[in-house]
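*Asks:* I have a structure I would like to understand better, so I am pasting it below and will then ask my questions one at a time.
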Amino acid sequence: MISLITKLLILFFILICVLTFFLTVRNKNNHGFILFIYTLIFAYTVGQGIYYANNYPGTSPDETAHISYIYYLDTYGDIIPHFENMHLFNAAPMKWSDENYIYIETSYNYLCHPPLYYQIMRLAGGFSSTDTEYVIHIDKLQLRYFSMIIGCIGLLILLYIGFSRIDKSQLWLHLLYATAVTSVPLLSFELCAVTNDVLAIVTGSLCILGLIRFCEGKRGYLTYTLIAMGITASLLTKMTTAMLCVIMSLIVLLITIIKEHNVLASFKKEFWLTTPIYLIALGYYGIIYARYGVLQPSLELISSTEYLQSTTFYTAPEYRTAMTMGQYIGYYFTQFFKSWSGIVADVILAKVSIWDKFALASEALWFIPMLLFIPAIKKSADKLALPIISGWIACIITLIIQIKSAYGTFLTRGYLGGFNSRYYFPLMAIFGLAVVFVFRGIRFKNNIASKCLIIIALLFSFALFMGGLPFCLIYFG
C-alpha cells in the first residue's frame, strides 16, 4: 500500500505540472514561478539525499574507503598522498560503539584518486582519538553533511545552467530540465554521502558552463577561467570526470576552429592568462608519475598480494563466470542501466528490469541527444547545440573506453564490476539540455497539437520524478 507521504509527493508534483501547463498556455512570462520550480526541485533533491542518509546509513559506494582517505590526509598532513601508506577502516563499527572504528594498517586503501576532494573534506573534522590505539571515533553525519554542501554547490550550478539558458516564456521546459538533471536516483543517494562524486558534479558543471559561454561568443577572462578551473579541478578529483571534460572541450574547440576558420579567435589573450591554472594538475601528475611510473596508481600496483587475495577485484580462474563477448556486453549494459535507473550500492534499491516502466524514462536520457543531429532540432538549440552534442559524444567515447577496460579486466582477472553509471553525473546538464531542445525543436502549427506536446513533456517529467524517491517508497519503504 502506498504511504500517505508518497501520495502527497505524487499529488504535489501533479499540481506543479498542471500549474506549469496552465501558465504556459496563458503565455505568462513568470520568472518568479520559474525560480520557484528550481527552488522546489533543489529542495526535493536535497531532501531525498537526507532521507537516504538517515534510512540507509553507511551504504554509499566505497564510503569507508573515502573516509579512510580523508583520515590519512588529516592525520599525516600530506598534500600529495603516498598511496602505499594509506590504509582502511573496518566497514562495520565496533560492537561496543556505533561510531568507533579500527584503522587496519595491514589493509591497503584501494582508492588512489587525486586528492582535491579529500583535502577539502579535511575541513569537516569528524575524527577524534580514543583511549584504545588504532580505534578512532568517526562522526559520519558530520562528514556526510559537509560533503552534502559540496554536492549542493554542484546541484546549484546544474540548475543555474538551465535557469539562465532556457527560454523564460516556456515554463514547461524549465520543469522538464530540472527533473531531468536530478532524476537519476543514485545522484540524490550520493548527495548526502562521503564520496568524491559530489565534487565531480561541481567541476564538470563548471566546465560545461564555461564551454557554453565560449560557444555563445563570450570569450572573456571569466569564460576561460571557468573552463580551466573545471578541467583542472576535474583532473585533481576524478580521472573519468577529467576525461569527459577534456574530450568535450577538444571537440568544441576543433569544431569551432573549423567553422570560424580562425585559430586566434579561440585562443584569445584571456586564454593564455588562464594557462597557469592547468599547471597545477600538470605538476600533480608529474609527481605521481615520477613516484609510481603511472598517472593513476591502483591496488594492484600498491599491494599486488592484497589485490590477488581480494575476492572483489580478483577471481581465481577456476571460479570465474564464463561469458562470450556478446554475453558480456549484454551483461554490462544491463548492470549499467540498472545503476542509472535505480540505486545500486551496498544497498540495492533498483528496478527489477531495465525495461521497467519506472526505468525507461531515465534511460531514455542517454538516447535523446542523438536527435540533435536532426537539422530542425539542432536549430532549436542554436549556439547550445555544439556543447550538447560534444558533451554527449564525450560520454559515448568515455563509455566505450570504460567498457573496453572492464572487458579486459573481466578476461584477465574475472572482475565483473566497472559498470558504474555514476561516472557520468558531471555531465547531467548535457542530458537535461538535450531533452529540452528536442521537445522545443518539435514544431506544430496547430495549437491543440502544441498543447499536446507540452502535456507529453510534462508526463515525461512525471515519469522521471516517479523513478526516484516515490519508487523507493512504494517498493522498499
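Bear in mind that the values in this text are calculations on the coordinates, not laboratory data. Since this is a predicted model, take the numbers as computed values, not measurements. Here the Cβ is made from the backbone with ideal geometry for all residues, glycine too, and neighbour counts use every protein chain on show.
*Asks:* Using Cβ counts within 10 Å as a stand-in for footprinting exposure, how do Met248, Met148, Met370, Met325 rank, fewest first?
*Replies:* Details: Met248 29, Met148 21, Met370 14, Met325 10.
The most exposed by this proxy come first: Met325, Met370, Met148, Met248.
*Asks:* Moving on to the next point. Taking a ≥ b ≥ c as the square roots of the Cα gyration tensor eigenvalues, with a/c under 1.5 meaning rounded and otherwise prolate when a/b beats b/c, else oblate, which class fits region 335-390?
*Replies:* Prolate, because a/c is 1.5 or more and a/b exceeds b/c.
*Asks:* List the extent of the Cα atoms of region 420-466 along each of their three principal axes, largest first, rounded to whole Å.
*Replies:* For region 420-466, the Cα extents along the three principal axes come out at 43, 23, 11 Å.
*Asks:* Could you work out the Rg to Rh ratio of region 233-326, with Rh taken as the Kirkwood radius (inverse of the mean 1/r over all Cα pairs)?
*Replies:* Details: Rg = 20.4 Å, Rh = 17.4 Å.
The Rg/Rh ratio comes out at 1.18.
*Asks:* Let me know the Kirkwood hydrodynamic radius for the chain, please, with Cα pairs as the basis and the value in Å to one decimal.
*Replies:* Values: mean 1/r = 0.0422 Å⁻¹.
Radius from the Kirkwood sum: 23.7 Å.
*Asks:* Whole-Hz ³J(HN,Hα) for each residue in region 249-254, computed from phi via Karplus 6.51 cos²θ - 1.76 cosθ + 1.60 with θ = phi - 60°, x for glycine and proline: what do you get?
*Replies:* Per residue, the Karplus-derived 3J(HN,Hα) values read 5, 5, 5, 4, 5, 4 Hz.
*Asks:* Between Asn85 and Asp131, what is the label-point separation in nm under the 7 Å Cα-to-beta-carbon projection?
*Replies:* Label at Asp131, label at Asn85, 3.1 nm between them.
*Asks:* Can you tell me the relative contact order of the chain? Whole percent, Cα pairs under 8 Å, sequence separation 6 or more. Intermediate values should be presented prior to the final figure.
*Replies:* Numbers: 683 pairs, mean separation 99.7, N = 477.
It rounds to 21 percent for the chain.
*Asks:* For region 161-225, how big is Rg over Rh, using alpha carbon atoms and the Kirkwood form of Rh? Walk me through the numbers on the way to the answer.
*Replies:* Working: Rg = 14.3 Å, Rh = 13.7 Å.
So for region 161-225, dividing Rg by the Kirkwood Rh gives 1.05.
*Asks:* So, by mean Cβ neighbours within 10 angstrom, what's the order for 257-270, 289-302, 103-116 with the highest one leading? Mind showing how you got there, number by number?
*Replies:* On the way: 257-270: 11.3, 289-302: 14.3, 103-116: 18.9.
Going by the mean number of other Cβ atoms within 10 Å, highest first, we get 103-116, 289-302, 257-270.
*Asks:* Mind pulling the angle between the C-alpha long axis of helix 221-235 and the longest principal axis of the chain? Nearest 10 degrees, somewhere in 0 to 90.
*Replies:* Taking Cα atoms only, the helix is inclined about 40 degrees.
*Asks:* Could you tell me, in Å, what Rg and Dmax come out for the Cα atoms of region 353-477?
*Replies:* 17.6, 59
*Asks:* Now for a different question. Within the set Lys7/Lys168; Lys357/Lys379; Lys357/Lys404; Lys7/Lys378; Lys379/Lys445; Lys268/Lys383, which residue pairs have Cα atoms separated by over 27 Å? Write out the running numbers ahead of the final one.
*Replies:* Details: Lys7/Lys168 30 Å; Lys357/Lys379 31 Å; Lys357/Lys404 30 Å; Lys7/Lys378 39 Å; Lys379/Lys445 17 Å; Lys268/Lys383 19 Å.
Over 27 Å apart, Cα to Cα: Lys7/Lys168; Lys357/Lys379; Lys357/Lys404; Lys7/Lys378.
*Asks:* Apply 1/(1 + (r/R0)^6) to the Cβ-Cβ distance of Ser107 and Ser169, taking R0 = 56 Å, and write down the FRET efficiency to the nearest 0.05.
*Replies:* Working: r = 58 Å, r/R0 = 1.03.
Between Ser107 and Ser169 the formula returns 0.45.
*Asks:* Given labels modelled 7 Å from the Cα in the Cβ direction, how far is it in nm from Leu254 to Phe12?
*Replies:* For Leu254 paired with Phe12, the spin-label model returns 4.7 nm.
*Asks:* In debye to the nearest 20, how big a dipole does region 196-336 give about its Cα centre with +1 on each Lys and Arg Cβ and -1 on each Asp and Glu Cβ?
*Replies:* 540 debye
*Asks:* With the convex hull built on the Cα atoms of region 397-450, state its orientation-averaged projected area in nm².
*Replies:* Working: hull surface 22.0 nm².
Its Cα hull, projected and averaged over all orientations, spans 5.5 nm².
*Asks:* Roughly how far apart, in whole Å, are the Cα centres of region 149-164 and region 245-267?
*Replies:* After rounding, the separation between the Cα centres reads 26 Å.
*Asks:* Can you give the FRET efficiency for Ala322 and Leu40, using 1/(1 + (r/R0)^6), R0 = 41 Å, r = Cβ-Cβ distance, to the nearest 0.05?
*Replies:* Working: r = 50 Å, r/R0 = 1.21.
My answer for the efficiency is 0.25.
*Asks:* Can you bin every Cα-Cα distance in region 92-224 into 10 Å intervals starting at zero and give me the percent of pairs per bin, rounded to whole numbers?
*Replies:* 11, 29, 29, 17, 10, 4, 0
*Asks:* At 222 nm, what helix-only mean residue ellipticity would the chain give, in deg cm²/dmol to the nearest 500, using -39500 (n - 2.57) for each DSSP H run of four or more?
*Replies:* Values: 20 runs with 300 residues, N = 477.
Result for the chain: -20500 deg cm²/dmol, rounded to the nearest 500.
*Asks:* Most exposed first by the Cβ proxy, i.e. fewest other Cβ within 10 Å, how do Glu84, Glu190 rank? Numbers along the way, then the final one.
*Replies:* Working: Glu84 15, Glu190 28.
Placing the least packed residue first, the sequence is Glu84, Glu190.
*Asks:* For region 3-155, place one equal point scatterer on every Cα, skip the solvent, and apply the Debye formula. What is log10 of I(q)/I(0) at q = 0.09, 0.11, 0.13, 0.19 Å⁻¹?
*Replies:* The Cα Debye sum returns log10 ratios of -0.44, -0.59, -0.72, -1.16.
*Asks:* Sort 63-70, 152-159, 371-378, 203-210 by the packing proxy (mean of other Cβ within 10 Å over each peptide's residues), most packed first.
*Replies:* Values: 63-70: 23.2, 152-159: 21.8, 371-378: 15.4, 203-210: 28.0.
My ranking of the peptides, most packed first, is 203-210, 63-70, 152-159, 371-378.
*Asks:* Can you give the angle from 0 to 90° between the axis of helix 197-215 and the longest principal axis of the chain, with both taken from C-alpha atoms, to the nearest 10?
*Replies:* For helix 197-215, the angle is close to 40 degrees.
*Asks:* On full extension of the chain, what length is gained from Asp346 through Lys379, given 0.36 nm per residue of separation minus the C-alpha to C-alpha distance? Before the final figure, lay out each step's value.
*Replies:* On the way: separation 33, 0.36 × 33 = 11.88 nm, distance 4.38 nm.
Separation in residues times 0.36 nm, less the Cα-Cα distance, equals 7.5 nm.
*Asks:* Could you order peptides 275-281, 358-364 by the average number of other Cβ atoms within 10 Å of their residues, highest first? Mind dumping the intermediate values first?
*Replies:* Working: 275-281: 14.1, 358-364: 19.9.
Highest-to-lowest ranking by the protection proxy: 358-364, 275-281.
*Asks:* Please give the charge dipole size of the chain, origin at the Cα centre, charges +1 on K and R Cβ atoms and -1 on D and E Cβ atoms. Round to the nearest 20 debye. Mind showing how you got there, number by number?
*Replies:* Details: 31 positive and 24 negative charges, 519 e Å.
The calculated dipole for the chain is roughly 2500 debye.
*Asks:* Applying the Karplus parametrisation 6.51 cos²θ - 1.76 cosθ + 1.60 with θ = phi - 60° to the phi angles of region 461-476, what ³J(HN,Hα) value in whole Hz is obtained for each residue in order, glycine and proline being reported as x?
*Replies:* These are the phi-based 3J(HN,Hα) values: 4, 5, 5, 4, 4, 5, x, x, 4, x, 4, 4, 5, 5, 9, 10 Hz.
*Asks:* May I pose another question? Counting other C-beta atoms within 10 Å, which of Cys245, Cys395 has the fewest, and how do the rest follow?
*Replies:* Numbers: Cys245 29, Cys395 21.
Listing Cys245, Cys395 from fewest to most nearby Cβ atoms yields Cys395, Cys245.
*Asks:* Let me ask something else about it. Quick one: if you stick a label point 7 Å off each Cα along the C-beta vector at Ser405 and Met239, how many nm between them?
*Replies:* If labels sit at Ser405 and Met239, their model points lie 0.5 nm apart.
*Asks:* What percentages make up the Cα-Cα pair-distance distribution of region 136-184 when the bins are 5 Å wide from 0?
*Replies:* Cα pair-distance distribution for region 136-184, in percent: 5, 18, 21, 16, 13, 9, 7, 6, 3, 2, 1, 0.
*Asks:* Across region 253-383, how large is the tail of the calculated P(r) beyond 19 Å, expressed as a percent of all Cα pairs? Each step should come with its number before you reach the end.
*Replies:* On the way: 6571 of 8515 pairs.
Here the tail beyond 19 Å accounts for 77 percent of pairs.
*Asks:* Separate question: Of Ala381, Ser353, Ala233, which is farthest on the positive side of the dipole of the chain, counting Cα position, with +1 on Lys and Arg Cβ, -1 on Asp and Glu Cβ, and the Cα centre as origin?
*Replies:* Ala381
*Asks:* Residues in region 16-41 near a label at Ile448, defined as backbone nitrogen under 18 Å from the 7 Å Cα→Cβ point?
*Replies:* Correct set: 25.
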